[in-house]
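Chemist: Got a structure for you, questions after.
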Amino acid sequence: MITNSWLHPDLEKRNSATHGGGIFARADIRKGERLAIFGGKIMPIDDMYELPVEMQGYTMQIEERLVIGPASLVPEDTDFFNHSCDPNSGFKGQVFLVAMRDISADEEITFDYAMTVSASVGSDMVFCMECACGCPECRKTITEDDWKLPGLRVRYKGYFSQYIQEKIESLDRDNFGERVRGEAIISEKKKAGLLVR
Ligand SMILES: [Zn+2]
C-alpha cells in the first residue's frame, strides 16, 4: 500500500497503556536512526477545522502559519506518535523524526509536542493540552510556549523542529545583543562615575 508517510520497518502501532494507540519498537533501535518521515497535505492552521473532527488531531505544526495534515481520511500509523515529557525521539528538519537515544524493543516511541508547537500566526488557535504521561518530569500542562523553557531548550537542542530551532537561535541572538548593550551602558556609567562598582 502506498502511504503518505514513512515509518521505520522495526516500528509498529500498538495499543498504548496511557493514550490509546501508540508507536512501539519491535526491535532495538540505535540513537540517531531515522524513525519516521511525515508526509501529507500542507495547510494553513485554520484549515485543519475543515477536516473531519476525528482527523483534526492528526496534524502537526511545521511553521508559524502551517501544519502538515492527513492527505486522506484514513489515518496512517505515523499519526499515532504520542507526546511524552521525557521523550526518546526528536526532529531533524520539520518532518524527519530520529531516535534521541538508544531505544529497546517494546519501548513506546514518543516526542515532546514542545518540539513542534509554537504560537500560531494568522490564527486565533491557542495550543494547550493536559498531560498525564506519568514521567517524573511531567509538566502536566503542555503549551505553545514550552519551547521557550530554558530546561527544554538545553535538553532538546538540535531536536526541535527546524523552524522552532531557528526561533530559539534568533531569541538567543536578541538576548545576547541586549546583554552586550547592557554591559556597554554599565561601563559608560562607571566611566562617568555614576556607578561605584
Ligand atoms: Zn507529561
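Chemist: Any residue in region 83-95 that is more than 20 Å from CYS131 (Cα to Cα) sitting within a Cβ distance under 6 Å of a residue that is within 16 Å of the ligand (Cβ to nearest atom) and of a type outside the set (Ser, Thr, Tyr)? List the pairs, counting only those 6 or more apart or interchain.
Modeler: Between residues of region 83-95 that are more than 20 Å from CYS131 (Cα to Cα) and residues that are within 16 Å of the ligand (Cβ to nearest atom) and of a type outside the set (Ser, Thr, Tyr), the close pairs are PHE91/MET115.
Chemist: A further question follows. When you scan region 90-107, how many residues do you find that are touching a Ser or Thr at 6+ places or on another chain (Cβ under 6 Å) and more than 17 Å from TRP147 (Cβ to Cβ)?
Modeler: 1
Chemist: Identify the single condition in (1) at pLDDT below 95; (2) surrounded by 14 or more Cβ atoms within 10 Å (Cβ to Cβ); (3) of a type in the set (Val, Ile, Thr) that VAL53 does not satisfy, given that it satisfies every other one.
Modeler: Unmet for VAL53, out of (1) at pLDDT below 95; (2) surrounded by 14 or more Cβ atoms within 10 Å (Cβ to Cβ); (3) of a type in the set (Val, Ile, Thr): (2).
Chemist: Follow-up. Suppose we keep only residues that are among the acidic types (Asp, Glu) and surrounded by 19 or more Cβ atoms within 10 Å (Cβ to Cβ) within region 104-118. Which one would you say is farthest from LEU11 (Cα to Cα)?
Modeler: So, considering only residues that are among the acidic types (Asp, Glu) and surrounded by 19 or more Cβ atoms within 10 Å (Cβ to Cβ), the one farthest from LEU11 (Cα to Cα) is ASP112.
Chemist: Now a separate question. Tell me yes or no: at least one residue of region 34-50 is crowded, with 16+ Cβ neighbours inside 10 Å, at positive phi and out of contact with any Asp or Glu (no Cβ under 6 Å at 6 or more places or on another chain).
Modeler: Within region 34-50, one or more residues are crowded, with 16+ Cβ neighbours inside 10 Å, at positive phi and out of contact with any Asp or Glu (no Cβ under 6 Å at 6 or more places or on another chain).
Chemist: Out of all the residues in region 89-104, is one or more touching a Leu at 6+ places or on another chain (Cβ under 6 Å), under 25 Å from ALA17 (Cβ atoms) and within 16 Å of the ligand (Cβ to nearest atom)?
Modeler: yes
Chemist: Scan region 109-151 for residues that are more than 15 Å from the ligand (Cβ to nearest atom), more than 28 Å from ARG30 (Cα to Cα) and β-branched (Val, Ile, Thr) and jot them down.
Modeler: Answer for region 109-151, where residues must be more than 15 Å from the ligand (Cβ to nearest atom), more than 28 Å from ARG30 (Cα to Cα) and β-branched (Val, Ile, Thr): VAL121, VAL126.
Chemist: Out of the residues in region 149-159 that are surrounded by fewer than 16 Cβ atoms within 10 Å (Cβ to Cβ) and free of Cβ contacts under 8 Å to residues at least 40 places away in the same chain, state the one that is nearest to PHE91 (Cα to Cα).
Modeler: Result: LYS157.
Chemist: Another question, then. Restricted to region 83-103, and to residues that are of a type outside the set (Phe, Trp, Tyr) and within 24 Å of MET1 (Cα to Cα), which residue is surrounded by the most Cβ atoms within 10 Å (Cβ to Cβ)?
Modeler: Restricting to residues being of a type outside the set (Phe, Trp, Tyr) and within 24 Å of MET1 (Cα to Cα), the top hit is LEU97.
Chemist: Consider region 128-148. How many of its residues are without any contact (Cβ under 8 Å) to a residue 40 or more places away in the chain and at negative phi?
Modeler: Residues that pass the stated criteria total 9.
Chemist: While we're here: Can you report the number of residues in region 119-148 which are crowded, with 18+ Cβ neighbours inside 10 Å and assigned to a helix (DSSP H, G or I)?
Modeler: Of the residues in region 119-148, 2 are crowded, with 18+ Cβ neighbours inside 10 Å and assigned to a helix (DSSP H, G or I).
Chemist: How many of the residues in region 63-82 are part of a loop (DSSP other than H, G, I, E, B) and either surrounded by fewer than 20 Cβ atoms within 10 Å (Cβ to Cβ) or over 13 Å from the mean Cα position of the chain (by Cα) (or both)?
Modeler: 10
Chemist: Now for a different question. Report, by residue number, each residue of region 39-62 that is assigned to a loop (DSSP other than H, G, I, E, B) and either touching a helix residue (DSSP H, G or I) at 6+ places or on another chain (Cβ under 6 Å) or among the small types (Gly, Ala, Ser) (or both).
Modeler: Answer for region 39-62, where residues must be assigned to a loop (DSSP other than H, G, I, E, B) and either touching a helix residue (DSSP H, G or I) at 6+ places or on another chain (Cβ under 6 Å) or among the small types (Gly, Ala, Ser) (or both): GLY39, GLY40, GLY57, TYR58, THR59.
The values are calculated or read from the model by the stated rules, or taken from the named source; none is laboratory data. Computed from a predicted structure; not experimentally measured. Note: ideal-geometry Cβ built from the backbone for every residue, glycine included; neighbour counts use all protein chains shown.
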